[in-house]
Amino acid sequence: MNNFFKISFVRLFFALLLIGQFSCSSEDDGFSISSNEDTAIPNELTYYQITIQGTTWGSFQREACLFVGPGVRNASSFGNGPNAREVGIVSGSPAARQERGAMWLFTNSKTCGQAATGCNSTIRNAALDIAYVTVSERNRRISIRLDGQLYNNTAAGAILNTNFFNHFTANSGLTASIYRIVTGEMELTFSEDGRSVSGTIDMRGNNFAGSGTAPYVARFSGRRASLSAASCR
């Protein structure tokens, strides 16, 4: 009888051990996540609907689409290194509808096709990496610093300066000027489950006419949304 209980106990022990192994395997496959740090910052293309509040030549509050995706491979980085993630923000259409705070901002020109911007194939195919992008998984944060050197590069500058790419409007109305975003920083912080995001924008742009500069300073927050390239605007 004692041997019977010993054998039963051993069988039960190994059965529980196998169950534990399968449970661990399911976590690795992404069905059950044991660490929020693995999922807070999206690894695949993900869209968020955000609200931006800030100032340029006056205060504004706007709705916007923000997306986060993997870094572009074989990007034209001009020495600023590969991006840990690519980020884009689209709010309105600065060139077509002059509204204060309207903005397009991308860390790589290739990703402008992931939003409803209508950007042309020249700027998409150039895959210009115009930012330093770093990720802190521990702090659930993406830090972005624009690389203004590309505007002074002959080849890259010719593309960026003749296409409406990263730009914003500082005021409203027909006389509002459009500013190319050439310097500045942005920071994004994600919730533990990655479903919400908040952050700050501190940028400066040059007038296309070369007559001056304008600031774009703002905070934003929002949640993950079921959007696509066609509805990101």
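The values are calculated or read from the model by the stated rules, or taken from the named source; none is laboratory data. Just so we're clear, the structure is a prediction, and the values are computed from it rather than from any experiment. Note that each Cβ is placed from the backbone with ideal geometry, even for glycine, and that neighbours are counted across all protein chains shown. For accessibility, only protein heavy atoms count, side chains too; no ligands or nucleic acids. Shrake-Rupley method; radii C 1.70, N 1.55, O 1.52, S 1.80 Å.
Largest to smallest in accessible area, the residues Leu128, Leu174 fall in the order Leu174, Leu128 (1.4 Å probe, all protein chains included). Quick one: net charge of Thr213's neighbours, Cβ under 13 Å, K/R +1, D/E -1? Charge balance near Thr213 sits at +2. For Gly173, neighbours were defined as the other residues whose beta-carbon sits under 13 Å from its Cβ, and their charges (Lys and Arg +1, Asp and Glu -1) total +1.
Near Glu185, once Lys and Arg are set to +1 and Asp and Glu to -1 for all other residues with Cβ below 14 Å from its Cβ, the sum equals +1. Counting only protein chain heavy atoms and rolling a 1.4 Å probe, the accessible areas of Val90, Val217 rank, largest first, as Val217, Val90. Determine the distance separating the Cα centre of region 61-110 from the Cα centre of region 180-196; give it in Å without decimals. Spelled out, the Cα-based centre of one part sits 11 Å from the other. Between amide H atoms placed 1.01 Å from N, distances below 5 Å from Ser93 occur with no residue 5 or more places distant or on a separate chain.
Rounded to the nearest whole Hz, the Karplus-based 3J(HN,Hα) values (6.51 cos²θ - 1.76 cosθ + 1.60, θ = phi - 60°) of region 43-57 follow the sequence 9, 10, 4, 9, 10, 10, 9, 10, 10, 10, 10, x, 9, 9, 8, with x at glycine and proline.
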